[in-house]
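Before any comments, here is the structure.
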Amino acid sequence: MTDIQHNQDQECPASRILARQPESLVVGGYRGWLHFASERNAAHLREVRSDYVRHLGEHAGVAAMSGLERLIGNLGACANCPLRFLCQGSKHLCREECLMLGLVSGLQNGDEDAALLSAQFLSSPGQAPELLSAAAEFAMTLKFAGQQLLPIHAHTVGQFGGATRAPQPTLH
């Protein structure tokens with residue numbers, strides 16, 4: 001896992017995406033879990049859980065947290081290295097964060113091609129079905145709680161999924 005720092009002063013098109021609550025919950029949860037994994041600081045998980053409960057209610061918030069835990073656990077076991085993420089609160093998105101949005105959006109919006117392609121870029125063609133299964137609980141919990149992501153089509157996933165990745169160290 002690699003925590004990437006970006007200049008917060010520059011306006012990024014991703015800031016408009018992250019201004020939407022559904023997308024912000026997905027990216028914030030992903031970042032929080034990976035910050036926890038890299039620093040072993042439970043405060044990151046408490047912050048994610050608090051955000052989920054505040055925006056989704058107690059029952060759905062706890063269910064979303066459980067679904068995200070399963071997704072991140074599966075991703076950590078089968079991901080293409082490294083798992084990158086930006087600082088909590090960043091108004092930018094890295095490749096893996098875009099792929100997480102593509103995965104959840106594809107599952108929520110019935111775009112099997114986008115979901116599968118996102119899963120393949122995050123893991124491998126052989127591991128993608130398992131990752132899709134792990135992501136489904138999280139995606140549907142958010143959707144049923146009224147937090148549906150905007151559609152991200154497979155063509156778009158292919159564009160940012162195929163971006164060149166610089167070699168980075170990983171913790172898994």
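Of the residues HIS92, GLY76, SER124, the one whose Cα sits farthest towards the positive end of the charge dipole of segment 16-161 is HIS92 (charges of +1 on Lys and Arg Cβ, -1 on Asp and Glu Cβ, taken about the Cα centre). Close amide H partners of ARG84, meaning residues 5 or more places away or on another chain with modelled amide H under 5 Å apart, are THR2, GLU96.
3J(HN,Hα) along segment 91-106: 9, 10, 10, 8, 3, 5, 5, 4, 5, 4, 4, x, 5, 5, 4, x Hz, from the Karplus curve 6.51 cos²θ - 1.76 cosθ + 1.60 with θ = phi - 60°, whole Hz, x for Gly and Pro. Think of each Lys and Arg Cβ as +1 and each Asp and Glu Cβ as -1; about the Cα centre, that makes the dipole of segment 16-161 roughly 420 debye. When Lys and Arg each count +1 and Asp and Glu each count -1, what net charge do the other residues less than 12 Å away from LEU71, Cβ to Cβ, add up to? Charge balance near LEU71 sits at -2. Take every pair of alpha-carbon atoms less than 8 Å apart whose residues are at least six positions apart; their mean separation over the length of segment 67-123 yields a relative contact order of 32 percent. Cα-based values for segment 16-161, radius of gyration first and Dmax second, are 13.6, 37 Å.
Values in this text are rule-based calculations from the coordinates and carry no lab data. Small disclaimer: the values here were computed from a predicted structure and weren't measured. Cβ sites come from the backbone with ideal geometry, for glycine too, and all protein chains shown count toward neighbours.
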